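Q: Just passing along the structure, written as structure tokens.
The values are calculated or read from the model by the stated rules, or taken from the named source; none is laboratory data. Since this is a predicted model, take the numbers as computed values, not measurements. All Cβ positions, even for glycine, are placed from backbone atoms using ideal geometry, and neighbour counts span all protein chains on display. The protein model used for the area step is the full one, side chains on, heavy atoms only, and it has no ligands, DNA or RNA in it. Shrake-Rupley method; radii C 1.70, N 1.55, O 1.52, S 1.80 Å.
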Amino acid sequence: MEQTFIMIKPDGVQRGLVGEIISRFEKKGFYLKGLKLISVDRSFAERHYADLSAKPFFNGLVDYIISGPVVATIWEGKNVVTTGRKIIGATNPSDSAPGTIRGDFAVEIGRNVIHGSDSVESARKEIALWFPEAPVNWESSLHSWIYE
Ligand SMILES: Nc1ncnc2c1ncn2[C@@H]1O[C@H](COP(=O)(O)OP(=O)(O)OP(=O)(O)O)[C@@H](O)[C@H]1O
């Protein structure tokens, strides 16, 4: 099944939103397939955001991501990349609908609490970057209650 990479950014960790965010993905019916609290250094953060290296906000973005520990997660499920982005909400919290994570918990684009892969291909690359170790393999016993 499809997988995505979701990262709770340092502000989300500091503000005690880890449980709330994980709970939203769990309750939706997605499966947690990787989880770690990790502090990353500048070169790692630059690799994660390499596609944005030409943007004027790049250095500030990297400073933000290395400012404290983050929670890196892998989620699995049908259409989890696209649906995960919907659960997260628009990049700028001013545009994020209420009911989304950024709509409910964020105000500023540079403090928007969470990252989610924007395509299946980015998810594959990001999971490989953040989880070089073999992922834990498990199946939920609730599967047939969630999927037809
Ligand atoms: N104009 C901006 N000013 C400051 N920070 C920005 C700006 N645009 C984007 N960012 C930061 O860079 C991150 C990555 O930007 P991107 O355009 O990839 O948005 P996104 O895909 O919604 O976010 P993410 O990759 O974090 O899920 C944003 O989540 C935000 O934290």
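Q: Quick one: count up the residues across segment 12-49 that are within 15 Å of Gly116 (Cα to Cα) and of a type in the set (A, V, I, L, M).
A: The number of residues fulfilling the criteria is 6.
Q: Report yes if Ile65 is open to solvent by less than 30 Å² (accessible area, probe 1.4 Å) and near the ligand (Cβ under 10 Å from one of its atoms), otherwise no.
A: yes
Q: Then there is this: Across segment 74-127, what is the number of residues that are out of contact with any Leu (no Cβ under 9 Å at 6 or more places or on another chain) and part of a helix (DSSP H, G or I)?
A: The number of residues fulfilling the criteria is 22.
Q: If a residue must be touching a residue at least 24 places away in the same chain (Cβ under 8 Å), assigned to a helix (DSSP H, G or I), of a type in the set (D, E, K, R) and more than 16 Å from the ligand (Cβ to nearest atom), how many such residues does segment 21-50 contain?
A: 1
Q: Something else about it: Inside segment 96-148, can you point out the residues that are among the polar types (S, T, N, Q) and near the ligand (Cβ under 9 Å from one of its atoms)?
A: Asn112, Ser117, Ser122
Q: Answer with yes or no whether Ser53 is hydroxyl-bearing (Ser, Thr, Tyr), open to solvent by 20 Å² or more (accessible area, probe 1.4 Å), more than 9 Å from the ligand (Cβ to nearest atom) and free of Cβ contacts under 8 Å to residues at least 60 places away in the same chain.
A: Spelling it out, Ser53 is indeed hydroxyl-bearing (Ser, Thr, Tyr), open to solvent by 20 Å² or more (accessible area, probe 1.4 Å), more than 9 Å from the ligand (Cβ to nearest atom) and free of Cβ contacts under 8 Å to residues at least 60 places away in the same chain.
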